Amino acid sequence: MTGTAPSVTQQHQEIPETVIRLRATFDTGVTRPAAWRLRQLRGLRSLLTNHTRSIEKALYDDLRKGRTESHLTEIGGVLAEVDHALRYLKRWMKPQRVAVPLNLKPATARIHTEPLGVCLIIAPWNYPLTLTLNPLVGALAAGNAAVVKPSELAPATSALLAGLLPRYTEAVAVVEGAVEETTLLLEQRFDHIFYTGNGTVGRIVAAAAARNLTPTTLELGGKSPAFIDETADMATTARRLAWGKFTNAGQTCVAPDYVLVTPSARNSLLSALPGTIREMFGPDPRTSSDYGRIINDRHFQRLSGLMAEGDLLAGGVSDVEERYIAPTVLIDVPHSAAVMTEEIFGPILPILTVRDVDEAIDFINARDKPLSLYAFTRDKAARRALADRTSSGGLVYNAPMIHLGVPNLPFGGVGESGMGAYHGRTSFDTFSHRKPVLSKPTRPDTLRLIYAPHTSRSFAFIAKAVARTHPLLGAPHRSPRDRTTGQ
Ligand code: NAD
């Protein structure tokens with residue numbers, strides 16, 4: 001189901017048929033062996049390397065992403081995820097042996113990972129390549145078939161993926177479209193739904209999934225704070241902050257949303273930021289090939305409204321024709337301002353002053369749990385306080401966003417910022433069922449003491465075992481039979 005968009009009537013037929021076809025493929029067992037999985041991952045790799053130019057162009061057309069940024073945050077990120085999975089897949093697939101308590105010996109216990117079936121991946125527009133393909137790496141590595149629904153708000157990347165994915169993978173269908181098509185998709189039964197986007201649609205996805213008890217991963221957003229105190233290296237902090245905020249014109253789920261700065265760090269931060277922005281994007285960021293544009297008019301209007309309150313430290317310039325908003329820094333923003341009550345998701349950085357780390361913690365804890373928390377401080381006590389007394393999807397000291405580049409770190413939100421996680425081994429686990437497999441020989445029959453009829457001897461044994469530990473047979477108690485068999 002690719003290329004030119006079929007009518008809704010066609011979709012009504014095609015979407016259920018697509019899922020049935022993929023399920024039939026999955027049911028043959030063809031997707032399970034390591035060889036099939038590795039072939040899909042190599043296919044994804046070839047897609048990225050054979051069509052680099054077309055991908056760069058699609059990302060430019062959708063978001064005016066610069067070439068370097070496209071490699072750094074999109075193509076390179078997916079290649080790294082593919083290569084990591086290629087390298088470790090066989091290890092991940094190996095059954096994992098676990099210990100058996102003495103009372104159940106002799107027996108062997110292992111955890112097998114098995115694929116879930118047909119997975120649905122619904123992607124957003126802001127990193128339209130990465131956020132479509134990275135979950136797909138996990139789904140295919142785990143041996144699943146998948147339906148992929150790219151975002152209609154990034155039409156060039158969506159069309160490119162619709163054309164290419166079926167050529168490079170064997171059990172992947174792409175459904176292009178918007179609410180109508182996604183609603184149709186959500187009426188089908190999937191074995192896992194992986195959704196990235198906003199919390200309102202996240203709730204729609206979760207409600208639809210609940211009808212079939214389908215497990216979901218919800219990768220959502222929110223306001224990710226950056227705390228800065230006087231112990232921070234301010235020149236580097238300003239550079240990293242500006243990079244994190246203005247990459248992709250601020251349309252990044254893990255961008256620092258706002259800054260909480262202590263009074264003694266405030267002046268040095270405010271004097272460093274404007275110059276740093278100029279160094280990165282020149283005197284007129286509109287002409288910089290490294291500076292993107294806002295995805296559509298609706299978001300442009302929304303962001304323009306968010307600049308109404310607070311004093312301007314930098315930026316503030318915009319152009320509706322190009323959907324350009326300059327890198328903007330606002331200071332002395334009232335806590336109740338609109339820019340502080342919703343996720344900004346654009347190139348506007350409000351800076352608020354807090355007395356100290358304790359006030360910062362209170363401020364953060366009074367709001368939804370963020371997707372990321374950044375702390376620019378060398379103060380060990382402040383770091384520990386932030387780690388111990390706040391909750392967020394991730395916590396990074398002294399840099400924004402780079403935790404996404406560590407495949408062994410699970411990436412995901414908590415509370416309003418999402419549920420579930422992925423990247424690296426965590427993706428493999430997300431798209432797998434970890435099946436306990438226990439095997440117990442029939443001889444000797446060491447379970448005899450738990451069968452009826454129960455005697456006073458078996459009661460004494462079981463009562464003792466239960467008193468020591470639960471569940472029933474988990475006690476590290478050696479029965480006379482264990483002793484005689486030496487088990
Ligand atoms: P979006 O508008 O592209 O929507 C995401 C997907 O949901 C699209 O495929 C879209 O077709 C589908 N959709 C939209 N409305 C729907 C409906 N009514 N029913 C069913 N499906 C529907 O993207 P967005 O939501 O604007 O993305 C931005 C949000 O996503 C931000 O909040 C951001 O923080 C978050 N985000 C999170 C991550 C993460 O990894 N946690 C990454 C990127 C973006």
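One Cα centroid belongs to region 260-304, the other to region 178-239; the line between them spans 25 Å.
Return a whole-number percent for the relative contact order of region 282-356, with Cα pairs under 8 Å and 6 or more residues apart as the contact set.
RCO, region 282-356: 28 percent.
Please get the size of the charge dipole for the chain, origin at its Cα centre, with Cβ charges of +1 on Lys and Arg and -1 on Asp and Glu, quoted in debye to the nearest 20. The dipole magnitude comes to about 3480 debye. Within the straight-line cut-off of under 29 Å between alpha carbons, the lysines reachable from residue 57 are 65, 149, 245, sequence neighbours fewer than 8 places apart in one chain being disregarded.
Backbone amide hydrogens, once placed in the peptide plane, bring residue 378 within less than 5 Å of 231, 232, excluding anything fewer than 5 places away on its chain. Here the 3J(HN,Hα) profile of region 384-392, calculated from phi with Karplus coefficients 6.51, -1.76 and 1.60 at θ = phi - 60°, is 5, 4, 5, 5, 7, 10, 10, 10, 8 Hz, Gly and Pro shown as x. In percent, rounded to a whole number, the relative contact order of the chain is 18, using alpha-carbon pairs under 8 Å and six or more apart.
Shape analysis of region 35-124 based on the Cα gyration tensor places the equivalent ellipsoid semi-axes at 40, 13, 12 Å, largest first. In this structure the amide hydrogen of residue 120, modeled in the peptide plane, comes within under 5 Å of the amide hydrogens of 147, 191, 192, 193, 194, none closer than 5 places in sequence on its chain.
May I ask you to evaluate 6.51 cos²θ - 1.76 cosθ + 1.60, the Karplus curve with θ = phi - 60°, for each residue of region 419-426 and list the ³J(HN,Hα) values in order in whole Hz, giving x for glycine and proline? After applying 6.51 cos²θ - 1.76 cosθ + 1.60, I find 9, x, 8, 8, 4, x, 4, 4 Hz.
Could you work out the pair-distance distribution P(r) of the chain from its alpha-carbon pairs, with 20 angstrom bin width and percents rounded to whole numbers? Spelled out bin by bin, the chain gives 22, 46, 25, 7, 0 percent. Computed from backbone phi, the HN-Hα couplings of region 139-150 come to 4, 6, 4, 7, x, 9, 8, 8, 9, 10, 10, x Hz, rounded to whole numbers (Karplus: 6.51 cos²θ - 1.76 cosθ + 1.60, θ = phi - 60°; Gly and Pro given as x). For region 245-299, the relative contact order comes to 47 percent (Cα pairs under 8 Å, sequence separation of at least 6). Backbone amide hydrogens, once placed in the peptide plane, bring residue 313 within less than 5 Å of 329, 330, 331, excluding anything fewer than 5 places away on its chain.
Bear in mind these aren't lab numbers, they're just calculated from the coordinates by the rules spelled out. Here the structure is a predicted model, which means the values were calculated and not measured. Glycine also receives a Cβ, built like all others from the backbone with ideal geometry; neighbour counts cover every protein chain displayed.
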